[in-house]
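Okay, structure first, notes after.
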Amino acid sequence: MESANPLELALQEWAAVSMCGSMHRLVRHAKASGLSMPQLGTLLHIQREGVMAVSDIGSHLGVSNAAASQMLDRLVDQGLVARSEDPHDRRVRQIVLTPEGSRRVKEGLHARLSWLDGLSDLLSPSEQEQIVSALKLLIEKANLLDAEPGPARSQ
(Lines give C-alpha, C1' and ligand atoms only; values in the text may rest on other atoms or scores of the structure.)
Protein backbone atom coordinates (compact mmCIF):
# COMPACT_ATOMS: atom_id res chain seq x y z
CA MET A 1 0.00 0.00 0.00
CA GLU A 2 1.40 3.35 -1.01
CA SER A 3 1.61 6.16 1.52
CA ALA A 4 -0.10 9.51 0.96
CA ASN A 5 2.52 11.23 3.14
CA PRO A 6 4.52 13.53 0.79
CA LEU A 7 7.75 12.97 2.76
CA GLU A 8 7.40 9.19 2.60
CA LEU A 9 6.62 9.36 -1.13
CA ALA A 10 9.68 11.55 -1.77
CA LEU A 11 11.90 9.23 0.30
CA GLN A 12 10.58 6.18 -1.57
CA GLU A 13 11.25 7.86 -4.90
CA TRP A 14 14.76 8.92 -3.82
CA ALA A 15 15.52 5.38 -2.60
CA ALA A 16 14.44 3.96 -5.95
CA VAL A 17 16.44 6.50 -7.97
CA SER A 18 19.57 6.09 -5.87
CA MET A 19 19.44 2.29 -5.85
CA CYS A 20 18.90 2.22 -9.61
CA GLY A 21 21.76 4.65 -10.20
CA SER A 22 24.25 2.80 -8.04
CA MET A 23 23.24 -0.75 -9.01
CA HIS A 24 23.25 0.02 -12.74
CA ARG A 25 26.87 1.10 -12.49
CA LEU A 26 27.81 -1.86 -10.30
CA VAL A 27 26.28 -4.35 -12.74
CA ARG A 28 27.98 -2.62 -15.67
CA HIS A 29 31.33 -2.76 -13.82
CA ALA A 30 30.87 -6.46 -12.99
CA LYS A 31 30.18 -7.30 -16.64
CA ALA A 32 33.15 -5.25 -17.84
CA SER A 33 35.34 -7.05 -15.28
CA GLY A 34 34.14 -10.48 -16.41
CA LEU A 35 32.47 -11.16 -13.07
CA SER A 36 28.97 -12.41 -12.36
CA MET A 37 27.00 -10.57 -9.71
CA PRO A 38 27.29 -13.54 -7.30
CA GLN A 39 31.07 -13.47 -7.81
CA LEU A 40 31.27 -9.75 -7.18
CA GLY A 41 28.91 -10.09 -4.21
CA THR A 42 31.18 -12.80 -2.82
CA LEU A 43 34.25 -10.61 -3.21
CA LEU A 44 32.44 -7.77 -1.42
CA HIS A 45 31.37 -10.14 1.37
CA ILE A 46 34.90 -11.52 1.83
CA GLN A 47 36.28 -7.99 1.99
CA ARG A 48 33.75 -7.06 4.66
CA GLU A 49 34.17 -10.23 6.74
CA GLY A 50 37.87 -10.97 6.19
CA VAL A 51 38.96 -14.61 6.22
CA MET A 52 36.04 -16.94 5.50
CA ALA A 53 35.35 -20.65 5.15
CA VAL A 54 33.72 -22.12 2.03
CA SER A 55 30.68 -23.06 4.14
CA ASP A 56 30.28 -19.42 5.25
CA ILE A 57 30.30 -18.29 1.63
CA GLY A 58 27.82 -20.99 0.68
CA SER A 59 25.51 -19.90 3.49
CA HIS A 60 25.81 -16.27 2.47
CA LEU A 61 24.91 -17.11 -1.15
CA GLY A 62 22.25 -19.65 -0.21
CA VAL A 63 23.97 -22.42 -2.17
CA SER A 64 25.61 -25.73 -1.34
CA ASN A 65 29.24 -25.90 -0.32
CA ALA A 66 29.98 -27.67 -3.61
CA ALA A 67 28.42 -24.82 -5.62
CA ALA A 68 30.28 -22.23 -3.54
CA SER A 69 33.51 -24.16 -4.03
CA GLN A 70 33.04 -24.23 -7.81
CA MET A 71 32.52 -20.49 -7.91
CA LEU A 72 35.56 -19.99 -5.68
CA ASP A 73 37.60 -22.17 -8.06
CA ARG A 74 36.86 -19.64 -10.81
CA LEU A 75 37.81 -16.73 -8.53
CA VAL A 76 41.05 -18.51 -7.59
CA ASP A 77 41.79 -19.08 -11.30
CA GLN A 78 41.30 -15.34 -11.89
CA GLY A 79 43.69 -14.53 -9.04
CA LEU A 80 41.02 -12.75 -7.00
CA VAL A 81 40.90 -15.04 -3.96
CA ALA A 82 43.31 -17.45 -2.35
CA ARG A 83 42.64 -20.62 -0.41
CA SER A 84 44.71 -21.72 2.54
CA GLU A 85 44.48 -24.31 5.27
CA ASP A 86 42.97 -23.26 8.58
CA PRO A 87 45.80 -23.64 11.12
CA HIS A 88 43.29 -24.85 13.75
CA ASP A 89 41.42 -27.34 11.56
CA ARG A 90 43.17 -28.75 8.50
CA ARG A 91 39.83 -29.88 7.03
CA VAL A 92 38.70 -26.27 6.67
CA ARG A 93 39.86 -24.08 3.80
CA GLN A 94 40.16 -20.37 4.48
CA ILE A 95 39.28 -17.94 1.71
CA VAL A 96 40.88 -14.48 1.51
CA LEU A 97 41.02 -11.75 -1.09
CA THR A 98 44.24 -11.36 -3.01
CA PRO A 99 45.58 -7.85 -3.65
CA GLU A 100 44.00 -8.07 -7.13
CA GLY A 101 40.68 -9.10 -5.56
CA SER A 102 40.85 -6.13 -3.19
CA ARG A 103 41.59 -3.83 -6.11
CA ARG A 104 38.57 -5.15 -8.04
CA VAL A 105 36.31 -4.66 -5.01
CA LYS A 106 37.49 -1.06 -4.63
CA GLU A 107 36.88 -0.46 -8.34
CA GLY A 108 33.36 -1.91 -8.00
CA LEU A 109 32.54 0.30 -5.03
CA HIS A 110 33.92 3.34 -6.84
CA ALA A 111 31.85 2.50 -9.93
CA ARG A 112 28.75 2.05 -7.78
CA LEU A 113 29.10 5.49 -6.24
CA SER A 114 30.41 7.33 -9.31
CA TRP A 115 26.97 8.54 -10.32
CA LEU A 116 26.94 10.76 -7.21
CA ASP A 117 29.78 12.83 -8.70
CA GLY A 118 27.64 13.72 -11.69
CA LEU A 119 24.66 14.46 -9.46
CA SER A 120 26.75 16.76 -7.25
CA ASP A 121 27.92 18.65 -10.33
CA LEU A 122 24.29 19.42 -11.24
CA LEU A 123 23.60 21.10 -7.89
CA SER A 124 24.42 24.70 -7.03
CA PRO A 125 26.49 25.35 -3.87
CA SER A 126 23.31 26.53 -2.12
CA GLU A 127 21.42 23.36 -3.11
CA GLN A 128 24.36 21.23 -1.95
CA GLU A 129 24.28 22.93 1.48
CA GLN A 130 20.53 22.34 1.80
CA ILE A 131 20.86 18.69 0.88
CA VAL A 132 23.81 18.13 3.23
CA SER A 133 21.79 19.58 6.13
CA ALA A 134 18.72 17.51 5.27
CA LEU A 135 20.75 14.30 4.85
CA LYS A 136 22.54 14.82 8.17
CA LEU A 137 19.15 15.16 9.85
CA LEU A 138 17.84 12.03 8.09
CA ILE A 139 20.95 10.06 9.10
CA GLU A 140 20.60 11.21 12.71
CA LYS A 141 16.93 10.18 12.84
CA ALA A 142 17.56 6.89 11.02
CA ASN A 143 20.21 6.04 13.61
CA LEU A 144 17.63 6.67 16.34
CA LEU A 145 15.27 4.19 14.64
CA ASP A 146 17.99 1.54 14.69
CA ALA A 147 18.64 2.20 18.38
CA GLU A 148 15.00 2.04 19.50
CA PRO A 149 13.31 -1.32 20.12
CA GLY A 150 9.85 -1.85 18.71
CA PRO A 151 7.90 0.01 16.01
CA ALA A 152 9.05 3.44 14.83
CA ARG A 153 7.45 6.38 16.52
CA SER A 154 6.61 9.80 15.11
CA GLN A 155 8.44 12.67 16.73
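A few notes on this one:
- From the list Gly62, Gly58, Gly79, the lone residue that is at pLDDT 90 or above and surrounded by fewer than 12 Cβ atoms within 10 Å (Cβ to Cβ) is Gly62.
- Qualifying residue in region 98-118 (condition: modelled with pLDDT of 95 or more, outside any helix (DSSP H, G or I), at positive phi and assigned by TED's automatic domain parsing to the domain that holds Ala30): no
- Looking at Ala30, Ala15, just one residue is within 23 Å of Asp117 (Cα to Cα), within 16 Å of the chain's Cα centre (by Cα) and not assigned by TED's automatic domain parsing to the domain that holds Arg83, and that residue is Ala15.
- Within region 23-38, tally of residues that are exposed (fewer than 12 other Cβ atoms within 10 Å of the Cβ) and touching a helix residue (DSSP H, G or I) at 6+ places or on another chain (Cβ under 6 Å): 0
- Residue match in region 114-125 (condition: among the charged types (D, E, K, R) and more than 23 Å from Met23 (Cα to Cα)): no
- Conditions (1) touching a Leu at 6+ places or on another chain (Cβ under 9 Å); (2) of a type in the set (S, T, N, Q); (3) over 22 Å from Arg103 (Cα atoms): number failed by Gln47: (3)
- Identity of the residue in region 82-138, under 16 Å from Gly50 (Cα atoms) and in contact (Cβ under 8 Å) with a residue 60 or more places away in the chain, that ends up surrounded by the most Cβ atoms within 10 Å (Cβ to Cβ): Arg104
This table checks each residue for (1) assigned to a loop (DSSP other than H, G, I, E, B); (2) among the aromatic types (Phe, Trp, Tyr); (3) over 19 Å from Lys141 (Cα atoms); (4) touching a residue at least 24 places away in the same chain (Cβ under 8 Å).
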site: Ala4; (1), (2), (3), (4): yes, no, yes, no
site: Ala10; (1), (2), (3), (4): no, no, no, no
site: Ala15; (1), (2), (3), (4): no, no, no, no
site: Met19; (1), (2), (3), (4): no, no, yes, no
site: Ser22; (1), (2), (3), (4): no, no, yes, yes
site: Arg28; (1), (2), (3), (4): no, no, yes, yes
site: Lys31; (1), (2), (3), (4): no, no, yes, no
site: Thr42; (1), (2), (3), (4): no, no, yes, yes
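The values are calculated or read from the model by the stated rules, or taken from the named source; none is laboratory data. No experiment lies behind these values; they were computed from the predicted model shown. As a convention, Cβ positions derive from the backbone with ideal geometry for all residues, glycine included, and neighbour counts pool all protein chains shown.
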